[in-house]
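Just below is one structure, and these are the notes that go with it.
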Amino acid sequence: MEPMPRALKALTWLTTALFAVSLYMVLFYAPREAVMGDVQRVFYFHVSSGWVGALAFLVTAFAGGVYLARGERRWDRVALASVEIGIIFTFANIVSGSIWARPIWNTWWTWDPRLVTATVMELIYVAYLMLRQGIEDPDRRARFGAVYGILGFLSVPLTFLSIRIFRTIHPVVIGDNDPTAQGAFDMTPKMLQAFLFSLLTFTFLYFTLLWHRLRLQTLAERVEQLKMKVLSG
Amino acid sequence: MPESTPAFRQAESIHDARDMIQRRPTPAYGRAIAAVVWKDLAAELRSRELIGAMLVFALLVILIFNFALELDVRTRQTVTSGVLWVTFAFAGTLGLNRSMAIEKDRGCLDGLLLTPVDRSALYFGKTLGNLVFMLIVEAIVLPTYSALYNVNLFRPALLGVILLGSIGYAAVGTLLASMAVQARTRDVLLPILLFPVVLPVLVAAIKASNAILQGFEPSEIWPWLNLLIVYDVVFVAVAMMVFDYVVEE
């Protein structure tokens, strides 16, 4: 087994350090929000994980397109790894939103368009994994995954559009707010710094996880090949 | 002069022929689409297994809704568009699955793929065929619903929305059904793949139909109609481009 590449090791440590700093910034550096209190601190990681989810699904659609054009298997590996990470982070996004909504909207869940589209987005990629599971031929699995990854991503823009088209209860912190939104607030400079820093941290976290996942997949394939060799020889 | 050599002229004419088949929509392209649609309709006319099943299923769904929602006069006002679209969507899934499963099981898909036409012509042919089946079912369900619940559904705007919604549904559905039938878990897979992806079309169609039925202002209807048209165009274009990779062996 080949050792972990030095760059990956360095990236992992860097991400760990960034995460520690952003935890400090979110919990202590950023001031307490006047109306909502400490629960507002969920916002930093809530938006960051939503961002990573969207980024991951964008990468999947992109890698799918490249795979269809070139037919190189490593792009399919990127697409799959990215979907798995995206599902986890979108889930974190939905759950952390729920935790915030309980005291602010007085409910865990409401059938708001923004919430529903985020959940549908999650379901699309769960369906993506189920599709892959149902196909044995690796080439076909990769092709279908790419097609579904591209098609599925077309529904994600709706998630972001929805906040403008529909009347929504979900606040928009960046840009103009809908008058029906509840729980909106203006960021102080310190809050903005903490927010931008957690976005950066989560982006690093995404790429670190992606790299680890790709390495794991390559190793798994090698184990599979060795097993075949032993069984046939 | 290299232009006048026979080899060059031959190469040029081959290039022209390929150009004609692959790039421009020629009469041959239209004929190929029409042939696929005609094949589906003729097969259906002789066996009558698809539309019959879709229709009975659609009526059953409406019956179940009748009990589940207690469709009295006041509820009817607000839920009619939802009931109709859920019915169309469920019946549509049934038809899509069957229409692609027939192709796969009897080896017809391989035969179609061997024909020397552009793959996108096959896609459009199958999509149009599925669209026709959906429209036939809708053409029977709508008057039945109108008669049963005493709602006038024959408004040109509503029929337009139903046509647009069905186009989007058939466009994505045909692509995903041709993927689903090649998977091990094909019977359960199609709805799981289709519903989340086609949701923008369904939501826009339901909201637009509801706005029309309730007699809202056109300014309330247009955003949904625009969304519906945009997704129709996007889905048709993308499905046409990627269909090749789905049927490739």
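Brief remarks follow.
- Order of B:E103, A:E224 under a 10 Å beta carbon neighbour criterion, fewest first: A:E224, B:E103
- Note on A:Q193 and A:I99: the model spin-label points, each 7 Å out from Cα along the C-beta direction, lie 2.5 nm apart.
- Prolate/oblate/rounded call for the protein assembly as shown, Cα gyration tensor, a/c under 1.5 rounded: oblate
- Region A:34-44 - phi-based ³J(HN,Hα) in whole Hz, Karplus 6.51/-1.76/1.60, Gly and Pro as x: 5, 8, 8, x, 5, 5, 4, 5, 4, 3, 4
- Scattering curve values for region A:1-126, log₁₀ I(q)/I(0), Debye with Cα scatterers, q = 0.11, 0.18, 0.20, 0.21 Å⁻¹: -0.53, -1.08, -1.17, -1.21
- Per-residue mean of foreign Cβ neighbours for B:229-236 is 1 (Cβ atoms of other chains, 10 Å radius).
- Acute angle (nearest 10 degrees) that the helix B:27-47 long axis makes with the longest principal axis of chain B, alpha-carbon atoms: 50 degrees
- Just so you know, the averaged projected area of the alpha carbon convex hull for chain B sits at 16.9 nm².
- Footprinting exposure proxy for A:M25, A:M36, B:M100 (fewest neighbouring C-beta atoms within 10 Å first): A:M36, A:M25, B:M100
- Highest-MSF residue in chain A out of A:I94, A:I85, A:I104 [GNM, Cα springs under 10 Å]: A:I104
- Karplus-based coupling profile of region B:96-111, in residue order and whole Hz: 4, 4, 5, 5, 7, 5, 4, 4, 6, 5, 8, x, 5, 4, 4, x, with θ = phi - 60° in 6.51 cos²θ - 1.76 cosθ + 1.60 and x standing for Gly or Pro.
- Helix axis angle, A:156-165 relative to chain A longest principal axis, alpha carbon, degrees: 20 degrees
- A:D186 versus A:L23: modelled label distance in nm, points set 7 Å from Cα along the beta carbon direction: 3.3 nm
- Chain A: angle of helix A:189-232 to the longest principal axis, Cα-based, in degrees nearest 10: 20 degrees
- Within a Gaussian network of chain A (alpha carbon springs, distance under 10 Å), most fluctuating of A:G64, A:G183, A:G37: A:G37
- Result for chain A in a Gaussian network model with C-alpha springs under 10 Å: among A:P171, A:P31, A:P138, the largest mean-square fluctuation is at A:P138.
- Taking A:I99, B:I162 and counting other C-beta atoms within 10 Å, the order from fewest to most: A:I99, B:I162
- Number of partner chain Cβ atoms within 10 Å, mean per residue of A:125-133: 4
- Within 10 Å of the Cβ of each residue in B:179-190, the mean number of Cβ atoms contributed by other protein chains is 4.
- In a simple Cβ point-charge model (Lys, Arg +1; Asp, Glu -1; nothing else charged), chain A has a dipole of about 580 debye relative to its Cα centre.
- Chain A pair-distance distribution - Cα-Cα, 10 Å bins, rounded %: 7, 27, 31, 22, 10, 3, 1, 0
Only the coordinates and a few stated rules stand behind these numbers; no lab work does. Owing to the predicted nature of the structure, the values given are computational and were not obtained by experimental measurement. A quick note on method: Cβ atoms are made from the backbone with ideal geometry, for glycine too, and the neighbour counts reach across all protein chains shown.
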